[in-house]
Every structure is written in structure tokens, then in C-alpha cells.
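The values are calculated or read from the model by the stated rules, or taken from the named source; none is laboratory data. Since we're looking at a predicted model, the values are computed, not measured. Cβ: placed from backbone, ideal geometry, glycine included. Neighbour counts: every protein chain shown. Only protein heavy atoms, including side chains, enter the accessible area calculation; ligands, DNA and RNA are left aside. Shrake-Rupley method; radii C 1.70, N 1.55, O 1.52, S 1.80 Å.
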Amino acid sequence: MLQKPLPRRLTTALPPACALLLLAGCGGMDRIDRRLDKLVLDRSAILGTNAAPARREFATGPVDDQQRSSQLEETPPTRNPDASDLFYVQAEAARLEAASVEQRLNAYYEEAGDALNVAVGGDVYGMGEGPDAGNEAADEPAIPDNVMVLDLEAVLAQAQQTGREFLDAQEDYILAAIALLRERHLWGPRFFNDTTLSVAGQGDDGTFDSTLRLINELRLTQRLPAGGEVAARWIVDATEQLRSSATEDYRQSSQLVVDGNIPLLRGAGSVAREDLIQSERDLVYAARRFEEFRREYAVEIASQYFDLLQTAASIRNQQEQLRNLRQTLERQRARQEAGEIALFELSITESSVLSANNRLQGALERYIVDLDSFKIRLGLDPRTPVALAPLDLELNDPVATPSDAAELALLYRLDLQTTRDRVLDARRRVSNARNNILPDLDAFAELGLPTDPDEDEGGLAFDPDSLRYLAGLRFSLPLDREIERLGLRSNQIALERSVRDFERARDQVVVDARSRLRSIEVARFQLILAERQVEINEQRLEEQEIRADEITPQEFVDTNAELLDARNARDAALTDLRVAILRYLRDTGQLRVGRGGEILPLPGMGRIREP
């Protein structure tokens, strides 16, 4: 039988410090988030940027019962009905007629609504033989309240707020900061508390003596910068005999222990902090990588924005050509009725009108699909009506030589700096691998201060007379270091490879920078030629309209086609020029992106000349 209930004395053996440790570990996630914010801001400030990721709110709410049961299912349900359970509605013949198809197309375009009208600068419906066919373009349409109008700055800001790619890159940066905080924590003072409750028994002729034992160990550990570790421990040992026949039913003792282990050869020095050093450097690399991504992302989003503006411009060009062809068709129809031209000549213009209308429908569809894809990339709901405003960006052609561009890139490219620093990482790993071949020589020591061993209940009355200590050296000959030598050779090979990677990256940076500068010159030259072609074909069309009675339908059609090609080529050249300048700034390390995603103007920039 038990002498007493589970003893109150055992419960008092737990040191009050356990409660303090419990409270210390309840800082919550807010403390973690504050440390992450500070660390990321500090690293971004080292780069001279104000582009640290904004603080993110991560999902930490409770999981409802349905979600909990679903996530525990070993075989989640799959919806994949048989062919016999599906039904396909086949179109009737009347639905396939041209008028019916065109009506549905216009209905689809109406879904894009006013956003499409704003983009192309006028009405996109009624491209058939309606009463307004052939009229000049209407004035710029008013912007409805339900349409989100985005210029380039707003597009870039939206991309940084809801763009999924940007959020992924932002989280990669935060994860690198988390890895560093984890490593730093390993190098700080760390508290642990272990409590062990055990019951032991021993039988003697069917009679069992049982002992209840409680051991609590509170310890503090600290890694040393040059290798090794020291630890301080407070150990409380309480034992309770559970049978009344026991003479000494309760004993309690405690002791303070300080011990340490310090390597003197293998594992000594900076090699001991390798994980911390690399984590610190990795966060710098992550900051550079995030800033490089922001610049690349801004260029890609801007390029996609430019492409959409170009598609909208091609729609306007196509609309203008269609109006011109319809006007020509009316004149040619009157001439054919007067007997001035043959019927087959009239059919040339009629066929061109149909072809132009077909190309217009394709361009409209392409614009809607591209705009929906763009909205998805921005993280917007594809059903959100969005119209893109004309470009308003301070840019101008740079004045530089290919050598200047290469020198700027070698100085400022963040990815090249990281590649260069990784060579130093590889050299450090070679040094660490050499250290790993050395013999083991460790110094160790231990100092213990117990309570009086003659007392049944020692409490906290430590007895200096019972002090014990231990110190010594431990030496281990490197009789088997084959794996370590193989590791050294592997690291030496990795070093050689990292040097080649840097040389390759350096040479590629030079090539890219020189190429980007030439691309600007090519795009500018193509724009000049395209603008001249537009002028020539516009003058040619004006002269043909003046001499309409002398011009054949084929000549009208050819002129309109060449004018359309020239205008599209001009718009494409302008887009290429805009993209080429941004890529030049990016690949020479001169592009700067603000906290909100906007492209920051550099001193000396002017405005791109519109056609």
C-alpha cells in the first residue's frame, strides 16, 4: 500500500525556473515576424535599396471540421465521369451561318465591354454591313466607373501587390531570413528543461519494493565562436519509496554542473562557424536575388504591357484599313454600275474587305486573350474589366559605347557579384576540408557543486566541501581520414568549377551588355525606317484618292495593305525600342525599381518620342 498520496514533496522538487522557461517560450509568432522584418530590412539596406518585402500575413487560422477530414483522407475523391454520363450539344445548321457567328462574336466582345473600347479608342462592334459601317472613328470613349484603368506605373504596382511570381520571390527571400534566424539561434544561449518520471520495482519472494523517481534537469548551452560548447546544468533528483516498510521513504538532492568541450585542432577556428557564416552570406545573396528579380519582373511586366498596347494599336490600324476599304468598295461599286470597271475588279475590293474584317476579328480575340492572361499574371480576377492607358514613361536612347556598357555591367550586376562571392565560398570550403583532415585534440572540463550527500533532503543548500572537478585533453590520431580526403578533393573540384562559372558569367554579362546597346540602335533605326514607310504610303493613298477614277481596285487594295503593314511595323519597332532600353538598363545593372514597383528615372532620361 502507498504510504501517502503522490507526494507533495515530489511536486515541489520541480524548480520554479521551469515555469519561467515556459513563459519565455510563449512569445508567439509576432516576435518572430518582428525579427524577420528587421533582418530583411537590414539586409536590403546593405544593398542601398528600399525594396525590402512588405510584411506578409500568413494563414494561421483554425481549420474547420470539413477541411480537417478532407486533408486526412488517404484516397481523395476524383471527379471523372464516363463518356456515357456526359452530353455534347451539337450546333444546328442555322447557328453556323455567317450572320449568326458574327452576332455571337460581337456578344463575346461585348463581354469585354467598355474596357476593350477604351483600349482601341472606339467602337469595336458592328464591323459588318451595318448603318455605321465606313464612318470615321468616334471620339475617345468615356471611361466607365466599372473599368480599372491601368497605366504602366499602376500595372507595376499591382504586380507587386498581387502578382503570384512576385509573392513567390518575396517568400524565397523571407525563407532565407528564416534560415539565418534559425542558425543564429543555434549560436545563442539555449535553455532546455527535461523532466523524467519513472517507477522501478524489485521483487523478493513475491514482495515488490517500488520506487518513484523524478529527475529534472535545467540546462543552458552556448556554442563558442572558435569551436566547442559550454553548458551549465541544474539537476534535481527526488526519489520516493512507495511501501511503508522502507526506512528512508524520500530522498532529494540537487547539483550545479558546468562543463565544456573545446577543440584545439580539428574543428577549431572559423570552421566551427561555417554554417553561420554561410547562412549570413546566403541572406545577402537572397537580397541580391530578390532585387534582381524585381528588376527582371518589372521589365517582363512592362514588356507584356507594351505588347498589349501594340496589339491595341494594330486593332486601330486594322479598323482604319477596314474603313478605307469600305469607302473604296462604295466608290468601286458605283464605278462598276456605271460600267467603268469590270465585275471581277469589284470583287478584288470585296474580297479585301472580307479579309480585313477577318483579321480584325482575330486581332480582337488575340487582344482579349492576351489581356486575360496579363490579368492572371497580375493576380487579378480575369473577369475584372481592365483597360490599359497609353504609355507615359521617361526614357530616351542612351549615349554609350559597347565598352561603356560592359564596364557598367561588370560593376553593377548583382548576380555577377553573387557568382564572384560564391568563388570565395568554395575557397573557404576547401580550407574547412583541409581542417577536417587534422587530428582531434579536444580540451574538456567539468565542475560540479552538489548538495550535502549526507542529507536526505538537500534542498538548495549546496555544499562547497563536496565540490568535484574534472579536466583533461583527448587526442585522436587520424588513422582513417579517407572519406575526409575524398571530401577535400571534391571541394577542390567544386572550387575549380565555381571559378569557371564566374568566368563564364562574367563573359556572358559583357556579351549581353554590348548586345543590349546594339539592340537599341537597331530598334531606333527600324523605327525611323517604319515611320518613313508610313509617310510614303499615306501620301500614296492620298494621291490615289484624289485620282480615284484612274486607279484600279488592285492598286487601292495594295496601297491599303502596305500602309497597314507599315503602321504595324512602326508600332512593333516602337515596342522593341522601349523594351530594348529597359533591357539595356537591366543588363547593365542600372535599372532601379522603387518600393511600389515603379521604374525610377535616372538623371538625363527623356521621353520616348511617339510616332
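When the Cα gyration tensor is reduced to axis lengths a ≥ b ≥ c, the ratio a/c is 1.5 or higher for region 223-348, and with a/b above b/c it is classed as prolate. A cut-off under 12 angstrom between Cβ atoms defines the neighbours of G48, and their net charge, with Lys, Arg +1 and Asp, Glu -1, is +2. Approximating the spin labels as points 7 Å out from Cα along Cα→Cβ, the L529-to-D549 distance works out to 4.0 nm.
With the simple spin-label model, which puts each label point 7 Å out from Cα in the Cβ direction, the L477 to Q161 separation comes to 7.3 nm. Taking the Cα of D168, stepping 7 Å toward and past its beta carbon, and measuring to each backbone N in region 368-395: which are under 11 Å? Counting backbone N atoms under 11 Å from the label point, the list is empty. Rolled with a 1.4 Å probe across the full set of protein chains, the surface gives L447 an accessible area near 80 Å². Pairs of Cα atoms nearer than 8 Å and 6+ residues apart set the relative contact order; for region 486-611 it is 32 percent.
Think of region 565-604 as having a plus end and a minus end, set by charges on the Cβ of Lys, Arg, Asp and Glu; of L574, Y584, P601, P601 sits farthest toward the positive end of this dipole. In order along region 499-514, phi translates into HN-Hα couplings of 5, 5, 4, 5, 4, 5, 5, 4, 5, 5, 4, 4, 4, 4, 5, 5 Hz, rounded to whole numbers, per the Karplus curve 6.51 cos²θ - 1.76 cosθ + 1.60 with θ = phi - 60° and x for Gly and Pro.
Between R497 and L470, the FRET efficiency from the beta-carbon distance, with R0 = 51 Å, is close to 0.60.
Amide hydrogen proximity for L150: with H placed 1.01 Å from N in the peptide plane, the residues at 5 or more positions away or on another chain lying under 5 Å are A387, L388, A389. One decimal place: the segment R420-D392 gains 6.3 nm when fully extended, by the rule 0.36 nm per residue minus the C-alpha distance.
Can you tell me how region 377-479 classifies by the Cα gyration tensor, rounded, prolate or oblate, using a/c under 1.5 as the rounded cut? It is oblate, given that a/c is not under 1.5 and a/b is not larger than b/c.
Given a Förster distance of 51 Å, report the FRET efficiency between N261 and E73 from their Cβ-Cβ distance, rounded to the nearest 0.05. Once the sixth-power term is evaluated, E becomes 0.55. Solvent-accessible area of region 349-422 (1.4 angstrom probe, protein heavy atoms only): carbon and sulfur portion equals 53 percent. Label-to-label distance for I277 and R213 is 4.5 nm, based on points extended 7 Å past Cα in the beta-carbon direction.
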